[in-house]
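The next block holds one structure in the form of C-alpha cells; read it before the comments.
The values are calculated or read from the model by the stated rules, or taken from the named source; none is laboratory data. Source: prediction; values computed, not measured. Ideal geometry is used to build each Cβ from the backbone, glycine not excepted, and the neighbour counts take in all protein chains shown.
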Amino acid sequence: MWRHDEPGWWYGPNDGLMSRLLIPAASIWARIAERRWATTLPFRAERPVICIGNFTAGGTGKTPLALEMAGIVERLGRSPVYLTRGYGGRLKGPHWIVPGKDTATDTGDEPLLLARRAPVMLAQNRAAGARTIAAAGRTDHVIIMDDGLQNPALAKDFVIAVVDGRRGVGNGRVIPAGPLRAPLPAQLARVDAIVVNQSAGPEAESMAKAITTRFKSLLSAPVFVARTMPTGETGWLQEKPVLAYAAIGSPERFFRTLRSLGAKVEREVTFPDHHPFTEADAKSLLQTARAAGAQLVTTEKDWVRLTVRAGGGDGGAVGQLKAASRPLPITLVFDAPDAMRLETLIASAIARHAAVASSSRAN
C-alpha cells in the first residue's frame, strides 16, 4: 500500500524515540498557539457562527458533519452558509464559490464539496469572510465554519470538535511530536461539544466507546457518537473488484468502510492529504484498474478535486480518471436522542447570539 504523509508513530502504541526527540519543537509550537489565543481579540460576526473543527492534524470527518449541520440549521428555520479557508487553493478571498466554474486549483477540495449543499464563502481571513456574508443581507444566515477551532480571529457561538473514533488524539503530543494542533487542555476549554466519529469494522464500536469514555472524563461538555454511513445504494461495490484510492487525512477509514459494505478491494492507493492529482497519477490508476478489471472508487472529496476547468476538453488523463471513478457518498448518523440534543444545543447557541446582538444594539 502506498502511504500518505502523516507520521505513523503519531498514532503508534509506544512512546517512540522520534516523538521524544521532537518534544522541544512541540513545546515551541504549543506556546505559539497559546499566545495567539491570548493576544488576539476575536471579531464578533453579525451572524451566528457554528464552528466544526478537530484537535489534531489530519482527517477526522469534519466535512460530513459540516454537511449534516446544514440540515440541522434548516430544521431550525434558518439558512446555512459555509465559511472556509479553502486549504490547498490559490484564492485567498473573500470569494463566493461558483459551482461549475471554480476548481480545486482555485479553492481546494472542501469548498467544492460543501457548495453542493449550501452557499460557500472562501476567506483565509475569517473575519473578512464573516463581514462579506453579512453584507449579502440575509438575516437568516447561520455561518457553519469549516475548521477553525484553533483560529482565534473569529468569535464562535458554538464549537464542535470531531474526533476519530479509532485513533483518538494519538500519542497526545503537539505537532511535530504528535498530531495535536495545540495542547489538549487548552483546546478542550474552547469546545462546546465533541463528536466521536465511529469507524466501520468489527472493533469500531468498542474503540469509539473507549475514546468517548475518556473524553467524558475530561470535560463536562456533551460527547456524542456518530457513525459513518454511505448514502444511496451500494450494491455496485460488490459487482467487480475495486481499486480504491484516496488523498484524505485518514484514508484507512475510507478503505474500512468499503470492506464493511462487501467490496472486494484489490488494491488501496493513498496519496498525501489534499494531493493535486497529476496526469501521471491518473494514467497509473487507470492502467492499474484496467489490468485488474477493477472499478475505480474514491471519496467524494477526492472526486471533486478531479474537476477540470471549463473549456479544457476532456481534461486529459485526469478527466478520464474522473469519468472512470465512482465516489462513495457518506454521511454521519446520530442516534435519535443525540441528534435531538445536538439540535437543541445549536438552537440555544443561535438564540444566545440573537440576545447578545440585541443587547449590543440597545447599548
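A search for C-beta distances below 7 Å between a residue of the stretch 286-306 that is in the same structural domain as GLY249 (by TED's automatic domain parsing) and any residue that is of a type in the set (Val, Ile, Thr), counting only pairs 6+ apart in sequence or on different chains, returns ALA294/VAL242; GLN295/VAL242; VAL297/VAL242; THR299/ILE248; LYS301/THR63; LYS301/ILE248; ASP302/ILE248; LEU306/VAL318.
The rows are residues; the columns are (1) in contact with a helix residue (DSSP H, G or I) (Cβ under 8 Å, 6 or more places away or on another chain); (2) in a loop (DSSP other than H, G, I, E, B); (3) of a type in the set (Ser, Thr, Tyr).
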{"site": "ALA182", "(1), (2), (3)": "yes, yes, no"}
{"site": "VAL196", "(1), (2), (3)": "yes, no, no"}
{"site": "ARG214", "(1), (2), (3)": "no, no, no"}
{"site": "SER220", "(1), (2), (3)": "no, yes, yes"}
{"site": "GLU233", "(1), (2), (3)": "no, yes, no"}
{"site": "ALA244", "(1), (2), (3)": "yes, no, no"}
{"site": "GLY262", "(1), (2), (3)": "yes, yes, no"}
{"site": "VAL269", "(1), (2), (3)": "yes, no, no"}
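Restricting the stretch 48-81 to residues that are assigned to a helix (DSSP H, G or I) and touching a Lys or Arg at 6+ places or on another chain (Cβ under 7 Å), which is surrounded by the fewest Cβ atoms within 10 Å (Cβ to Cβ)?
ALA70
Would a scan of the stretch 155-166 turn up a residue that is surrounded by 21 or more Cβ atoms within 10 Å (Cβ to Cβ), modelled with pLDDT under 95 and of a type in the set (Lys, Arg)? Checking the stretch 155-166: at least one residue is surrounded by 21 or more Cβ atoms within 10 Å (Cβ to Cβ), modelled with pLDDT under 95 and of a type in the set (Lys, Arg). Each residue in the stretch 128-154 was checked for being among the basic types (Lys, Arg) and either modelled with pLDDT under 95 or not in a helix (DSSP H, G or I) (or both), and 1 of them qualify. Looking at GLY178, GLY172, GLY137, which is the one that is small (Gly, Ala, Ser) and crowded, with 20+ Cβ neighbours inside 10 Å? The match here is GLY178.
Test GLY178 against the criterion of being in a loop (DSSP other than H, G, I, E, B) and at positive phi, and give yes or no. Spelling it out, it is not the case that GLY178 is in a loop (DSSP other than H, G, I, E, B) and at positive phi.
Given the criteria β-branched (Val, Ile, Thr), surrounded by fewer than 21 Cβ atoms within 10 Å (Cβ to Cβ) and in contact (Cβ under 8 Å) with a residue 12 or more places away in the chain, does THR105 qualify?
So THR105 passes the test.
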